[in-house]
Amino acid sequence: MARFVLTRRSPLPPAECWALVTAWPRHGERVPFTRVSVVRGTGRQVGDVVLARTALGPLRFDDPMELVELAAPERCRLAKRGRVVRGGAELRVRAVGAGSEAVWAEELRITGLPRLFDPLVALAGRLVFGRVLDHLLAADPDTATG
């Protein structure tokens, strides 16, 4: 399983940082060829489902993620329940000085991809999701480039 952890500091207070990190549809703004939406519930309760749908020409797959643990505004855990992408993610926010720190930890397993490629998947995850996290926490989201 490919694993990675991202940590970002923000001048924002923890509650505001949490609201941005869990703004699920905005996650898709920096993931190539992907749209993210809440397909069950509000995205704010255990049992809700967030769906990342990736499509590039004929290649299409869904990454449904169920919110399985929630201690807002500090922590949530998502279980990846798709046929292509399995694993999970944990998002945490905590106060640091006058601002906050956001941590994104993820474990990914790509169906059919040998474990030999786990380091490459982890690297791609750090690059793509680091860009997402930078974008979510940017003071001006339109100028965030990751």
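Contact map, region 1-24: first residue over 22 Å from PRO119 (Cα atoms) and in contact (Cβ under 8 Å) with a residue 12 or more places away in the chain, second residue crowded, with 18+ Cβ neighbours inside 10 Å and of a type in the set (Phe, Trp, Tyr), Cβ cut-off under 8 Å, separation 6 or more or different chains; pairs are VAL21/TRP104.
Please verify whether GLU29 is in a strand (DSSP E or B) and under 24 Å from ARG8 (Cα atoms), treating the condition exactly as stated. Judged against the criteria, GLU29 is not a match. Please verify whether VAL93 is touching a helix residue (DSSP H, G or I) at 6+ places or on another chain (Cβ under 6 Å) and closer than 20 Å to ALA52 by Cα, treating the condition exactly as stated. No, not satisfied. Name every residue in region 85-137 that is surrounded by 15 or more Cβ atoms within 10 Å (Cβ to Cβ), assigned to a helix (DSSP H, G or I) and not hydrophobic (A, V, I, L, M, F, W, C), in order of residue number. Matches in region 85-137: ASP118, GLY125, ARG126, GLY130, ARG131, ASP134, HIS135. Note on region 33-47: among residues that are among the hydrophobic types (A, V, I, L, M, F, W, C) and part of a loop (DSSP other than H, G, I, E, B), the one that is modelled with the lowest pLDDT is PHE33. Tell me, yes or no, whether region 73-84 has at least one residue that is aliphatic (A, V, I, L, M), within 23 Å of VAL121 (Cα to Cα), outside any strand (DSSP E or B) and free of Cβ contacts under 8 Å to residues at least 40 places away in the same chain. Taking every residue of region 73-84 in turn, at least one turns out to be aliphatic (A, V, I, L, M), within 23 Å of VAL121 (Cα to Cα), outside any strand (DSSP E or B) and free of Cβ contacts under 8 Å to residues at least 40 places away in the same chain. Among the listed residues VAL5, VAL50, which satisfies the condition of being modelled with pLDDT of 95 or more, surrounded by fewer than 15 Cβ atoms within 10 Å (Cβ to Cβ) and part of a strand (DSSP E or B)? Result of the check over VAL5, VAL50: VAL5.
The values are calculated or read from the model by the stated rules, or taken from the named source; none is laboratory data. Being a predicted model, the structure only gives us computed values, none of them experimental. Don't worry about glycine lacking a Cβ; one is built from the backbone with ideal geometry, like all the others, and counts go over all protein chains shown.
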